[in-house]
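Data first, discussion second: the structure below is written as structure tokens.
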Amino acid sequence: MQHPLAFSSTQEEAENPPVTTGLPFNKGNKPPTHSSLNVDGACKGNPGDCGGGGCIRDSKGNIQMAFSYFYGDGTSMLAEIRALCDGLKLAASTGYQLSAVYSDSQSLVNSLNDGKMISWRSYRWWREAHMLLTQQHIHFSHVFREANQLADSLANFASPVDRLNQIDIKIS
């Protein structure tokens, strides 16, 4: 069964849906306005197994929701743009009104803010992310890796190579 926020254009994606983890932390009835989204992508090898993750925070910086997705074979830029697109769709589907999105990928931020796509392989997700950012007037900016640690950890968690390494370390 395919994740409700995902869409696929290939038979392989339809047969192998992404591993999905969404964690709602908001116990209130209504999602807060002026939320922010931190996103990151990770790739083990380039190309190689890739995944993405991120979190939605309220205006005080409290985590409201987190996600982690495995994307399969791809590049680091593909992982970055897919994580952004998935985070934007997750926020929209759960009622969060984003005022800002943060990524530690300067290339991705420049690409979307300048309206210039980086790679034809990422066109589908780039186009959707660009449309959502533009229509909702969301500010998209670069942050250093240190300010994006949770999103980075969630993106790395999505990669099966990282999971195997964690198991090997615990066994030794």
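Read-outs: derived from the displayed coordinates by stated rules, not from any lab. All values derive from a computational prediction rather than experimental measurement. Methodologically, a virtual Cβ is constructed for each residue, glycine included, from the backbone with ideal geometry; neighbour enumeration extends over all protein chains shown.
Data table
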| read-out | value |
| --- | --- |
| Förster-model FRET efficiency, 35 Å R0, HIS137 and ASN46, C-beta, rounded to 0.05 | 0.60 |
| Gain on full stretching of the segment that runs from GLU146 to ARG124 - 0.36 nm per residue minus C-alpha separation | 5.0 nm |
| Extension gain (nm, one decimal) between LYS116 and SER99, 0.36 nm per residue minus Cα-Cα | 3.9 nm |
| In the stretch 59-92, trypsin sites (Lys or Arg not before Pro) in a DSSP loop with at most 10 other beta-carbon atoms within 10 Å | LYS60 |
